[in-house]
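To start, the structure itself, in structure tokens.
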Amino acid sequence: MASSSVEASGEPVPTSAVLMSASKHIAIGCRGENVAFLKCKKEDPNPEKCLDKGRQVTRCVLSLLKDLHQKCTKEMDAYAGCMYYNTDEFERCRKEQKEFEKACPLN
């Protein structure tokens, strides 16, 4: 399972399991970008007006995933693999979550 969460280049593939596994890190690490995007969406219902803000969120998340994967490869792969196997059910992956958050603590 874990190999499916990483591209040949070593970059993590942002599958739902990978994104769910890193969700707490994303919430903290990309908060500014997410807030700016949501504010833009609230102020202007035209989706085209917020494309740049959306790209900033995407860049932040992909960069964060790459950093996490470089810093705690084994733990991230184990957690994402568990999440994949258990259809993103956090309750079934608490052991892997704990190890991942120990290796890559939340800021």
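Working only within segment 53-87, note down all residues that are part of a helix (DSSP H, G or I), hydroxyl-bearing (Ser, Thr, Tyr) and open to solvent by 30 Å² or more (accessible area, probe 1.4 Å). Talk me through it step by step, then tell me what you get.
Here is the first cut: in segment 53-87, the residues part of a helix (DSSP H, G or I) are 53-71, 73-85.
From what is left, the residues that are hydroxyl-bearing (Ser, Thr, Tyr) are 58, 63, 73, 79, 84-85.
THR58, SER63, THR73, TYR84, TYR85, listed by residue number.
Do you know which residues across segment 22-34 are open to solvent by less than 70 Å² (accessible area, probe 1.4 Å), hydrophobic (A, V, I, L, M, F, W, C) and assigned to a helix (DSSP H, G or I)? Please lay out each step first, then the result.
Filtering segment 22-34 down to residues open to solvent by less than 70 Å² (accessible area, probe 1.4 Å) leaves 22-23, 25-27, 29-30, 32-34.
From what is left, the residues that are hydrophobic (A, V, I, L, M, F, W, C) are 22, 26-27, 30.
Across segment 22-34, the qualifying residues are ILE26, ALA27.
In segment 41-52, which residues are among the hydrophobic types (A, V, I, L, M, F, W, C) and surrounded by 14 or more Cβ atoms within 10 Å (Cβ to Cβ)? Quick ask: steps written out before the conclusion?
We begin by selecting, within segment 41-52, every residue among the hydrophobic types (A, V, I, L, M, F, W, C); these are 50-51.
Within segment 41-52, just CYS50 meets the criteria.
If you take the residues of segment 27-75 that are among the charged types (D, E, K, R) and touching a Cys at 6+ places or on another chain (Cβ under 6 Å), which of them is nearest to PRO105 (Cα to Cα)?
Here is the first cut: in segment 27-75, the ones among the charged types (D, E, K, R) are 31, 33, 39, 41-44, 48-49, 52-53, 55, 59, 66-67, 71, 74-75.
Pick out the ones that are also touching a Cys at 6+ places or on another chain (Cβ under 6 Å) and you get 33, 41, 53, 71.
Details: GLU33: 21, LYS41: 31, LYS53: 27, LYS71: 11 Å.
By that ranking, first place goes to LYS71.
The values are calculated or read from the model by the stated rules, or taken from the named source; none is laboratory data. Not measured: the values here are computed from a predicted model. In this analysis, Cβ positions are derived from the backbone assuming ideal geometry, glycine residues included, and neighbour counts consider all displayed protein chains. These accessible areas exclude ligands, DNA and RNA; they are computed on the full protein's heavy atoms, side chains included. Shrake-Rupley method; radii C 1.70, N 1.55, O 1.52, S 1.80 Å.
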